[in-house]
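> One structure, as structure tokens, below. Some questions next.
Coordinate-derived values only; no laboratory data. Only a predicted model underlies this, so the values are computations on that prediction, with no experimental measurement involved. Positions of Cβ are backbone-derived with ideal geometry, glycine not excepted, and every protein chain shown enters the neighbour counts.
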Amino acid sequence: MWERFVMRNRDYNIIELMAIIAAREIEDRAVLYIGTGIPMLAASLAQHMHAPNIIPVFEAGGVAPQMPTLPTSVGCSRTTYRAIRTCDMPEIFEMAQLGIAHYAFLGGAQVDKYRNINSTVKGQYEAPSVRWAGSGGANAFGSLCWRTMIIINHEKRRFIEKVDFITTPGYIDGPGAREKAGLPGPDLIGFLPIRHCSILKKRRRG
Amino acid sequence: MRLIGLLPGIRLDDIIENTGFELLIKEDLKQLPPPTDEELKVLREKVDPFRIVLSRGDKMNNEEN
């Protein structure tokens, strides 16, 4: 799939495509909780293009900065450039608990059919074959924001029946489980549960 | 999880083949429009001029070629 994509699209690469498609989904004035990498590209692009009044929030404390230069991580000093506030991490999560965060914008390593994301371990938690960097803010963001956007490379080993570990709960184990757990769901405001910008890369190995 | 749109250059079969579970598929599947020149220009010249993140996509291209 990816090979065909490369052949057809010499004029932009896959990261550029993912960032642009994701940026189009961002509405002006939205409060966005943003993770590192492609989500930042998308938010910054939206801020330059059609959504100058978005409020990007970063888990390390930057609230509503301008992003003339791309931050390299959620703790980068560029996440506080001309920010309206800098605070600490619990306060960022508290703001999400208050229900003012429209979107969580996350990456991850695995996602399953109920939109649970794993960014913590591959294999068993006690004896993982790979330990990723999660959760970071991924659990609180995905649990508490009204709508979650996820950007993950579309590969069979990532889009699986059941994730090895639930870092970010989606619909957990089926209809009603999210509500039962007391988490705000996209259903409450009639949004689609996932805006799936995933994509299109096939590696030779694995 | 429900598929609601296809990115430019990707077919439905590609998506199904690369998904490890049975995907729900919306009846009137959207074909998402490709990036415009303006979007690419802003992304490359203003958002990430040093290609800190964008260069990861170049690597993916090279791996496959």
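> Which trypsin sites (Lys or Arg not before Pro) from segment A:148-186 combine a DSSP loop assignment with at most 14 other Cβ atoms within 10 Å?
Taking segment A:148-186 and a limit of 14 other Cβ atoms within 10 Å, the loop trypsin sites (Lys or Arg not before Pro) found are A:Lys156, A:Arg157, A:Lys162.
> Quick one: order A:Ser143, A:Ser129, A:Ser73 by neighbouring beta-carbon count within 10 Å, fewest to most. Please list the in-between numbers first.
Numbers: A:Ser143 20, A:Ser129 9, A:Ser73 14.
Lowest count first: A:Ser129, A:Ser73, A:Ser143.
> Please label the shape of segment A:1-148 as rounded, prolate or oblate, based on the square roots a ≥ b ≥ c of the eigenvalues of the alpha-carbon gyration tensor (a/c under 1.5 means rounded; beyond that, a/b larger than b/c means prolate, else oblate).
Cα axes put segment A:1-148 in the oblate bin.
> For the pairs A:Lys113/A:Lys156; A:Lys156/B:Lys59; A:Lys122/A:Lys180; A:Lys122/A:Lys162, note any where the Cα-Cα span goes beyond 18 Å.
Among A:Lys113/A:Lys156; A:Lys156/B:Lys59; A:Lys122/A:Lys180; A:Lys122/A:Lys162, the Cα-Cα distance tops 18 Å for A:Lys156/B:Lys59; A:Lys122/A:Lys180.
> Taking the Cβ of each residue in A:Lys122, A:Lys113 as the centre, tally the other Cβ atoms inside 10 Å and list the residues starting with the fewest.
A:Lys122, A:Lys113
> 5 Å is the cut-off here: which amide hydrogens, built 1.01 Å from N in the peptide plane, fall below it relative to A:Ala83, excluding neighbours closer than 5 in sequence?
A:Gln66
> A:Glu126 to A:Ala177: FRET efficiency via 1/(1 + (r/R0)^6), r the Cβ-Cβ distance, R0 25 Å, to the nearest 0.05?
0.55
> Take peptide B:6-16, look around each residue's Cβ out to 10 angstrom, count Cβ atoms belonging to other protein chains, and average those counts. Show your work: numbers first, answer last.
Numbers: counts 1, 12, 6, 9, 10, 2, 0, 1, 8, 7, 0.
That works out to 5 on average.
> Here's a follow-up. When you look at the Cβ of every residue in B:33-40, what mean number of other chain Cβ atoms sits within 10 Å?
Mean shielding by partner chains, rounded to a whole number: 5.
> Could you please rank A:Tyr125, A:Tyr103, placing first whichever residue has the fewest other Cβ atoms within 10 Å of its Cβ?
Sorted ascending by nearby Cβ count, the order is A:Tyr125, A:Tyr103.
> Let me ask something else. For peptide B:17-26, how many partner chain Cβ atoms fall within 10 Å of a residue's Cβ, on average?
Working: counts 3, 14, 9, 12, 9, 2, 3, 1, 0, 1.
Mean number of neighbouring Cβ atoms from other chains: 5.
> Between B:Lys26 and B:Phe50, what FRET efficiency comes out of the Förster formula 1/(1 + (r/R0)^6) with R0 = 35 Å and r the beta carbon distance, rounded to 0.05?
For R0 = 35 Å, the calculated efficiency reads 0.35.
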